[in-house]
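Just so it is clear, none of the values below were taken in a lab; they were calculated from the coordinates. Note that the structure is a prediction, hence the values are computed from the model and not measured. No Cβ is skipped: glycine too gets one built from the backbone with ideal geometry, and neighbour counts run over all protein chains shown.
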Amino acid sequence: MKRQYNPYDQMCDVLGQAAQLLEIPQSDYIPLLYPERELKVSFPVRMDDGSIRMFEGYRVQHSSARGPCKGGIRFHPQVDLDEVKALAGWMSLKCALVDIPFGGAKGAVRVDPGSVSHAELERITRSYTASVLPLIGPERDIPAPDVGSNPEMMGWIMDTFSAFRGYAAPGAVTGKPVGIGGSLGRGEATGRGVLIAARELFKKLGRQLSGTRVAVQGLGNVGGTAARLLAGEGCRIVAAADVSGGLFCADGLDAEALYAHCTEKRRFLKDFDAPGAVRCSVEDVLCADVDLLIPAALENQLTGALADRVRAPLIVEGANGPTTVEADACFARMGKYVVPDILANAGGVIVSYYEWVQNLQTLMWDEKQVNAMLEKTMCRAFDEVWRTAAGRGCSLRLAANMAALQRLVQTRKIRGIFP
Ligand code: GLU
């Protein structure tokens, strides 16, 4: 099925706009329009009933210009190569923007992780790891969690990779359980980064987070954690949505209970008991009358068709690619501030970097230290984006892409073109 919005085309479109504003000739950034490597794998898995089922997966390495490729592995039934290519490209831009020494990659397995047993999921994860083994490793390409994957699965990846190497290789994957080399603070790092991005935005606008009304779409690790942390800062989570629908409550939903139900137990919002709340559609949540909207689900949720009905003046993108190019232009005309994905959700990969550094050096940092470093890196990147946007009179998305593009182009210039 051909997608209505091809996320890879959208990524290239924004990159082209950024290059134009910077007056960078296409010959200087053309390598960024083509992923360095695309691997498609098919592998058999023995299911619990004894049958053999084939699974498909991908690993795309977009750029290794600035360091080892880095990016999560998505487990989703509809994932395709164009989506993985876009996600890999956004990882290159994200790592360049927050200035960590990684390139960008992304992997995926076409499966609904909720539709297979725990043992089957382990066999799928291990077989996928074995299939992409020629590409990954601590010094070449380091996977991490993404939509549909979690720390336990990263542990299986670490174990499978280590079995092939013949020794423990914790630096081969990040977002692992803390007991096998995971970093303290990694679990909530993306959500914490979203909180920092939101707080910095409010600060720049001379406002306070406390008391604001927030709508969150997606209650996985990113959305659920962001909702919980924002509520901790005094925000009211008045609307929330997941794939099963939406919920609205003017007095504010119980974000801790929401986190426990949807994020920790991975249960649907439709089964969440919320006295006084009204059931609504996902669209109602995206268009809710709130101060801040956090799309933290999948790509292409805020489309051109929906854009002029979105009432939140401020949007902080927890998801990768939630806003289409068309919707983005509409938001700019409406005077909304959109903190783009490559900045807003960078907290995860920032702490992944710290995890990798700890693994390579056989160190363990405490959570306070990790959070303080995350805070500093996020604030520095936010400030750079804000200043660029103000100086150029452009959107925060273009400013973020410009900062990232400049770093990537500069790296290519220094390294030169082989041979
Ligand atoms: N999947 C996350 C992202 O999209 C984290 C990637 C990582 O930690 O490598 O940024």
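Taking every Cα-Cα distance in the stretch 251-384 and sorting them into 5 Å bins from zero, the calculated P(r) comes out as 2, 9, 14, 17, 16, 16, 13, 8, 4, 2, 0 percent. Between R46 and A119, residue separation times 0.36 nm minus the direct Cα-Cα distance comes to 25.3 nm. Taking 15 Å as the straight-line reach from the Cα of K40, the aspartates and glutamates in range (excluding those fewer than 8 positions away in the same chain) are E56, D80, D82, E83.
Fully extending the segment from Q208 to Q78, taken as 0.36 nm per residue of separation minus the present Cα-Cα distance, adds 42.9 nm. Taking the Cα centre of the chain as the origin, how large is its charge dipole in debye, to the nearest 20, when only Lys and Arg (+1) and Asp and Glu (-1) carry charge on their Cβ atoms? For this selection, approximately 840 debye. Test of understanding: extend the Cα→C-beta vector of K270 to 7 Å, then name every residue of the stretch 51-83 with backbone N under 14 Å from that spot. From the stretch 51-83, the list is empty.
Say R0 is 22 Å: what FRET efficiency, to the nearest 0.05, do E233 and K368 get from their beta-carbon distance? Given R0 = 22 Å and the Cβ-Cβ separation, E is 0.75. Considering the stretch 183-341, its Cα convex hull presents a mean projected area of 8.6 nm². Its Cα gyration tensor gives the stretch 75-168 an equivalent ellipsoid; the semi-axes, largest first and in whole Å, are 22, 18, 11.
With each label modelled as a point 7 angstrom along the Cα→C-beta vector, the R309-S281 pair spans 0.6 nm.
Of all DSSP beta bridges confined to the chain, the antiparallel ones make up roughly 55%.
Note on K336: lysines with a C-alpha under 17 Å away, same-chain residues under 8 apart excluded, are K203, K204. The Rg/Rh ratio of the chain, with Rg taken over Cα atoms and Rh as the Kirkwood radius over Cα pairs, comes to 0.95.
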